[in-house]
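Peer 1: I'd like to ask you about the structure that follows.
The values are calculated or read from the model by the stated rules, or taken from the named source; none is laboratory data. Note that the structure is predicted; figures quoted are calculated from it, not measured. So basically every Cβ, Gly included, is an ideal-geometry build from the backbone, and we count neighbours across all protein chains shown.
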Amino acid sequence: METEAAASTISLPTSSWWFENNPPPAVGEYSNRFSPIVSVLTALVLVVALSSVVWLSASIPKLERVEAPERALALMVSRIMDVQEGLKRAPAWQQTLFSWISGDNEVERAQAIAWFQELADLSDEALVPLQLAVLQAESGHTSQALLLAHEWRQAGEPLSRLAALVIGAYGEGPLPGGETFETLQAELADSVPAGWFYDRLAERLAQRANDQPLLYTIREAYAARVDRQFARARVITAVEFAAMIVGTVVLIIFWVTRARVPNVVRLHEPGVPPPWPGGIGAAVLLRGGAIGAMLTVLFLLYMPQENASLRALAIPLTNLPLLLLAYQYLFRPARMTFDQGFGLEIGWARSGRLITAVLAVIAAGLWGEWVMDRMAEPLHLTNHWTEWFDADLVWGPSSLTAISLVEYVAFAPVFEELAFRGLLFAILRRKFRFLPAALMSASVFAIAHGYGLVGFISVLWSGLLWAWIYEKTGSLLPAILAHAMNNLLVCLSVMALLRW
């Protein structure tokens with residue numbers, strides 16, 4: 001009876017989907033000299049920093065974030081239209097596959113029109129309304145384009161001259177020959193830069209003038225250019241599709257063997273949750289994060305924007321205080337190096353597991369992006385073009401482009417994963433189960449990027465996946481490599497479309 005009574009007083013641990021029930025015991029001796037007042041102040045600094053990112057993202061017009069937005073948007077839309085025209089010339093199976101992966105071309109055209117309308121409301125450059133009119137006419141809205149052109153006739157130079165181009169290209173009936181056609185061709189050559197907009201106007205003018213030799217020359221030159229542009233886009237799409245297929249096979253194998261081989265991708269121990277106190281870890285995160293936020297502000301205020309090398313170093317320098325504090329107060333008391341604590345040493349024998357883990361998380365990321373794109377299309381939601389346009393990658397000198405690639409493909413993946421997954425997510429895992437810890441860390445990660453709604457969801461999804469693979473493998477290496485490959489694919493896509 002006494003044994004039963006004693007047993008009845010023992011409180012068994014309860015299962016919770018939110019809180020971690022059984023975190024590993026702390027290993028080592030840790031300092032308790034962290035002032036609660038300093039912790040509160042540093043937490044306020046971080047809240048203000050994240051709130052500022054959200055406020056700036058919402059308040060600063062997106063077009064002000066890009067130098068020469070007229071030139072940038074014209075180039076981007078021109079190249080997108082070239083790829084669409086190149087797709088029409090591709091074999092049927094390529095058209096089907098490309099359309100399935102990339103989405104509806106009509107949606108892209110509607111987005112491009114909306115972006116030009118936004119730019120036309122703010123820009124005084126005469127080419128912007130002309131390009132908008134051409135885009136509208138080529139998208140089947142000829143009456144809107146002609147209505148704009150007729151309004152320009154009352155606006156004076158140079159819009160009145162550009163109005164003649166639009167009316168001459170898209171008006172009804174044959175174009176008068178002789179001096180009128182030659183005058184329009186000369187005006188086109190003087191006013192419109194080479195590219196999709198120029199070719200569309202030139203072809204339409206030649207059609208209406210029934211100048212068959214000129215029409216043949218225009219179409220031949222245009223076909224050669226769009227074929228080259230589509231070939232580059234096809235290579236990037238093929239790489240992404242291959243990664244989706246191979247990674248999907250790996251994911252299926254993981255799922256089928258999860259019960260029989262639960263640790264099939266385990267690379268390192270202890271992984272997460274880490275063997276140091278959550279309270280000490282939170283104090284380190286608050287102090288290191290606040291110092292990093294203040295350094296970021298100093299870089300933004302005083303760093304010369306033209307100094308690309310210094311700008312690239314901003315990422316490691318702003319993360320360095322957090323890493324130093326983590327080593328002093330977390331890793332060192334636990335007698336761990338960064339390699340041991342973050343699982344960066346796995347050995348060649350486990351390289352196969354590493355590769356499969358990276359492929360799996362890349363495929364999951366691409367599938368997530370595909371699903372989000374398909375869901376966003378009917379809702380007319382999209383990333384604003386200024387969020388992924390990077391002038392250094394598009395028209396910067398080679399040295400500047402190389403530095404930007406190092407920043408995006410090396411520095412950002414390494415230091416962001418160390419901070420957001422290696423420390424923030426790992427410390428949250430001592431208090432919370434996987435899903436809430438991953439959601440909280442990925443949300444902070446997404447807010448820090450300062451994107452709009454679609455961009456926020458995309459970064460949030462990536463953060464969840466990289467936390468998941470860290471949880472499963474116990475190593476930060478798969479997340480770092482997947483993050484680097486994700487950034488590399490984005491950079492190559494931008495350069496293939498806009499630079500080369």
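Peer 1: Given the criterion closer than 21 Å to Asp190 by Cβ, out of contact with any His (no Cβ under 6 Å at 6 or more places or on another chain) and modelled with pLDDT of 90 or more, identify the matching residue among Glu125, Glu157, Glu138. Before you say what the answer is, go through the steps one by one.
Peer 2: Values: Glu157 fails: modelled with pLDDT of 90 or more; Glu138 fails: closer than 21 Å to Asp190 by Cβ.
Selected residue: Glu125, the only one of Glu125, Glu157, Glu138 that is closer than 21 Å to Asp190 by Cβ, out of contact with any His (no Cβ under 6 Å at 6 or more places or on another chain) and modelled with pLDDT of 90 or more.
Results for (1) aromatic (Phe, Trp, Tyr); (2) at pLDDT below 95, shown as yes or no for each residue.
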site: Ala442; (1), (2): no, no
site: Ala446; (1), (2): no, no
site: Leu453; (1), (2): no, yes
site: Gly463; (1), (2): no, no
site: Ala467; (1), (2): no, no
site: Tyr470; (1), (2): yes, no
site: Leu477; (1), (2): no, no
site: Ser493; (1), (2): no, yes
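Peer 1: Inspect segment 26-34 for any residue being in a helix (DSSP H, G or I) and either over 19 Å from the mean Cα position of the chain (by Cα) or at pLDDT below 90 (or both) and give the result as yes or no.
Peer 2: Residues of segment 26-34 in a helix (DSSP H, G or I): none.
Checked segment 26-34: no residue is in a helix (DSSP H, G or I) and either over 19 Å from the mean Cα position of the chain (by Cα) or at pLDDT below 90 (or both).
Peer 1: Could you list, in sequence order, all residues of segment 84-123 that are outside any helix (DSSP H, G or I) and either farther than 23 Å from Met244 by Cα or touching a helix residue (DSSP H, G or I) at 6+ places or on another chain (Cβ under 9 Å) (or both)? Don't jump to the end; show me each part of the working.
Peer 2: Looking only at segment 84-123, we keep the residues that are outside any helix (DSSP H, G or I), and these are 89-91, 103-104, 123.
Scanning segment 84-123 gives Arg89, Ala90, Gly103, Asp104, Ser123.
Peer 1: What is the one condition in (1) surrounded by 11 or more Cβ atoms within 10 Å (Cβ to Cβ); (2) assigned to a loop (DSSP other than H, G, I, E, B) that Glu172 does not satisfy?
Peer 2: (1)
Peer 1: A follow-up question, please. Go over the candidates Ser139, Ser191 one by one and state the one that is touching a residue at least 40 places away in the same chain (Cβ under 8 Å), closer than 22 Å to Leu75 by Cα and of a type in the set (Ser, Thr, Tyr).
Peer 2: Working: Ser139 fails: touching a residue at least 40 places away in the same chain (Cβ under 8 Å).
None of the others qualify; the one that does is Ser191.
Peer 1: Also, I was wondering about something else. Are any residues in segment 118-140 loosely packed, with under 15 Cβ neighbours inside 10 Å and either within 18 Å of Arg200 (Cβ to Cβ) or among the aromatic types (Phe, Trp, Tyr) (or both), and if so, which ones?
Peer 2: Here is the first cut: in segment 118-140, the residues loosely packed, with under 15 Cβ neighbours inside 10 Å are 121-122, 124, 140.
Passing the criteria: only Gly140.
Peer 1: Can you tell me which condition Arg287 does not meet? The list is (1) at pLDDT 95 or above; (2) touching a Gly at 6+ places or on another chain (Cβ under 8 Å), and all the others hold.
Peer 2: Unmet for Arg287, out of (1) at pLDDT 95 or above; (2) touching a Gly at 6+ places or on another chain (Cβ under 8 Å): (2).
Peer 1: Keeping to segment 299-338, report how many residues are surrounded by 13 or more Cβ atoms within 10 Å (Cβ to Cβ) and either touching a strand residue (DSSP E or B) at 6+ places or on another chain (Cβ under 9 Å) or in a helix (DSSP H, G or I) (or both).
Peer 2: Total satisfying the criteria: 24.
Peer 1: Residue pairs, Cβ under 8 Å, 6 or more apart or interchain, first in segment 87-108 and exposed (fewer than 12 other Cβ atoms within 10 Å of the Cβ), second at pLDDT 85 or above. List them.
Peer 2: Going by the 8 Å Cβ cut-off, the qualifying pairs are Lys88/Gln95.
Peer 1: Being surrounded by fewer than 18 Cβ atoms within 10 Å (Cβ to Cβ), under 18 Å from Leu489 (Cα atoms), assigned by TED's automatic domain parsing to the domain that holds Tyr470 and of a type in the set (D, E, K, R) narrows it down to one residue among Glu369, Glu345; which is it? Spell out the reasoning first.
Peer 2: Numbers: Glu345 fails: under 18 Å from Leu489 (Cα atoms).
Residue meeting the stated conditions: Glu369.
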